[in-house]
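Everything on this sheet refers to the single structure shown next.
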């Protein structure tokens, strides 16, 4: 009778379950990540192939005009927001500046918990490109975040409590982390940044339960006298010359990864050399593996399998850390398993992801550092003038901001197109005289003063007209453009494509829009108050589809050029924005000025033109990357022209070479810049404040944008 009772009870439970919606499992497993569902967005690129494409169709080309804001959440951030939200079991996990993690109700935006890690902000002075991060990863019942000061932290997904916290870097070196972790079969994988400042790159895997390091793969060889970690490093060392290890070598893997579970291969995008200038780094040339390469390793062990190098002997900051996408394409009548990438160097690559064999490449923007990619060898045919270190400075496309930077692209298997946030941003590369490795600041081996913007308005405007940004639809089989949509300037957001026939992208001029995936026609647009650089995601809960994007303008372009090339974007308004059909929510009214505030000019110093020139050169190579070209900041960092520090010589010295503001992320240049040089920099900044190139001047050469 008891057995019969259990049977009847079980049958009743089964019948009851058929009449209600099944609750999604809270725990994320390999099976969950291998079979991404439409109710969430559980991995950085949407799936292990990093396609950033959704099969959802509720929001489509027919009803996109009905899209409206469902809710927004203030991230309380005044800097760039680059995170991809992760959504699971009705909860959204998103990060803000200084690695603050927010857990939100994905339907209403109600906050569930917030984790604010204690960050060593002195270490943040090593961040080349703003104190940003690109989001979290999820596995089991844990959320994983990697911090700007080099830690990997596991949090309880339900409460935000810390499970474990491990240091992944040697803090004696200028390492940082801005990328999002990836998780493969219980291993949390993370790289790092810092090549501009002089480090040796690597990728590490940590046990998701304990935080114990499982393996580490170095991306460039170290000092041969210390022995090589594996055969791959010994092989790579043969492509380097001189004491290449002295400045680290570079090769940081600071962003892109992808995974093929069938081939059991993890693909890692590798960055630039340290220093950039190959004549210093590797005096007799060589390919310098694995710089600017896609490297395939075994995720269980970190064992090297194959590599493909996009820019042999790189010397221009042409990283291959840009987004990579796995797809199966029919090429020349045969199915091919490929990996696709549009790295900084301006060429779109299709590579066999089983072997690393080159299939095809073509430039997707204008380039002048190489004429083409040799279709037999897969190597670029370089313009000899581009190797600037034994020649005159070279005006070049693309520059170090790249033809495509970190902003993710997407692939729609229905259209067969890859959607790229492409851009044109030239640069002048020139050799630095009397190079020495700095104790603080950038170690590029190039003189940034050659690339500073011109002083006269006519030339300034002419150069401004060369800065371009576009949403580009690229056919990877034909290696040609299908369509493009021109934006007001560069540094626009990442992409999402959907089976509803749409492509979503935010822009630097503070808008979020949807485009027809087949034609590029803009179908819908919303003002967002702040520029968007992050990529959108989509998910469905209880039959309702949502489009979500993290908004907040920032990053390397904005730090260096956002002041002199204003986009129309405000700051101090970092938010998560979530849209649905019929949404009627409104953003709070803007309470910040859309541009730099007016200020009282400091009095010009009585110094010679030579002192001003020396100050300009030092400023270009030590300060401009954060405080703006022509000492006119975007608003993310203090405008030195208007700073009380600039007016006080003693205070200026205390900040620059005594580290007074180190805990705010301001580097200490003691040992790098002497007292005379920092005073020359101050004289240059004050001269710029009195130059007549003020807010009105830069507004007149704005990159545009609609109010």
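Among the listed residues 421, 398, which satisfies the condition of being buried (at least 24 other Cβ atoms within 10 Å of the Cβ) and part of a strand (DSSP E or B)?
Values: 398 fails: part of a strand (DSSP E or B).
Selected residue: 421, the only one of 421, 398 that is buried (at least 24 other Cβ atoms within 10 Å of the Cβ) and part of a strand (DSSP E or B).
Among the residues of segment 512-522, write down those that are buried (at least 24 other Cβ atoms within 10 Å of the Cβ) and outside any loop (DSSP other than H, G, I, E, B). Break it down into steps so the answer makes sense when it comes.
At the first step, the residues of segment 512-522 found to be buried (at least 24 other Cβ atoms within 10 Å of the Cβ) are 514-515, 517.
514, 515 - these are the residues of segment 512-522 that are buried (at least 24 other Cβ atoms within 10 Å of the Cβ) and outside any loop (DSSP other than H, G, I, E, B).
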### Task
Could you figure out which of (1) more than 16 Å from the chain's Cα centre (by Cα); (2) buried (at least 24 other Cβ atoms within 10 Å of the Cβ); (3) part of a loop (DSSP other than H, G, I, E, B) isn't true of residue 148?
(1)
### Summary
How many residues of segment 525-548 are in a strand (DSSP E or B), within 27 Å of residue 42 (Cβ to Cβ) and under 26 Å from the mean Cα position of the chain (by Cα)? The answer is 7
#### Entry: Single residue of 160, 179 found to be part of a loop (DSSP other than H, G, I, E, B), out of contact with any helix residue (DSSP H, G or I) (no Cβ under 6 Å at 6 or more places or on another chain) and surrounded by fewer than 24 Cβ atoms within 10 Å (Cβ to Cβ)
160
### Task
Inspect all residues belonging to segment 122-132 and state whether any of them is at pLDDT 95 or above and buried (at least 24 other Cβ atoms within 10 Å of the Cβ).
no
### Query
Looking only at segment 454-487, which residues are in contact with a helix residue (DSSP H, G or I) (Cβ under 7 Å, 6 or more places away or on another chain) and buried (at least 18 other Cβ atoms within 10 Å of the Cβ)?
none
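So how many residues does segment 219-231 have that are surrounded by fewer than 23 Cβ atoms within 10 Å (Cβ to Cβ) and in contact (Cβ under 8 Å) with a residue 24 or more places away in the chain?
3
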### Task
Go through the residues of segment 263-285 one by one and say whether even a single one is crowded, with 23+ Cβ neighbours inside 10 Å, under 22 Å from the mean Cα position of the chain (by Cα), closer than 20 Å to residue 403 by Cβ and free of Cβ contacts under 8 Å to residues at least 60 places away in the same chain.
no
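Only one of these is at negative phi, surrounded by 17 or more Cβ atoms within 10 Å (Cβ to Cβ), part of a loop (DSSP other than H, G, I, E, B) and touching a residue at least 12 places away in the same chain (Cβ under 8 Å): 169, 153. Name it.
Details: 153 fails: part of a loop (DSSP other than H, G, I, E, B).
From the options 169, 153, the qualifying one is 169.
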#### Entry: Filter result for the condition that a residue is crowded, with 21+ Cβ neighbours inside 10 Å, at negative phi and touching a residue at least 24 places away in the same chain (Cβ under 8 Å), over 344, 337
344
### Task
For segment 182-197, enumerate the residues that are touching a helix residue (DSSP H, G or I) at 6+ places or on another chain (Cβ under 7 Å) and surrounded by fewer than 24 Cβ atoms within 10 Å (Cβ to Cβ).
185
#### Entry: Inter-residue pairs, beta-carbon under 8 Å, first over 12 Å from residue 682 (Cβ atoms) and in segment 653-665, second part of a helix (DSSP H, G or I) and at pLDDT 90 or above, 6+ apart
660/651; 660/654; 661/655
### Query
How many of the residues in segment 630-645 are crowded, with 23+ Cβ neighbours inside 10 Å and in a helix (DSSP H, G or I)?
4
### When residues of segment 582-612 are limited to those that are at pLDDT 90 or above and surrounded by 14 or more Cβ atoms within 10 Å (Cβ to Cβ), the one nearest to the chain's Cα centre (by Cα)
587
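Kindly indicate whether any position in segment 433-447 is free of Cβ contacts under 8 Å to residues at least 24 places away in the same chain and on the phi > 0 side of the Ramachandran plot.
yes
The values are calculated or read from the model by the stated rules, or taken from the named source; none is laboratory data. None of the values given here were measured: they were computed from a predicted structure. Neighbour counts run over all protein chains shown; Cβ positions are idealised from the backbone, glycine included.
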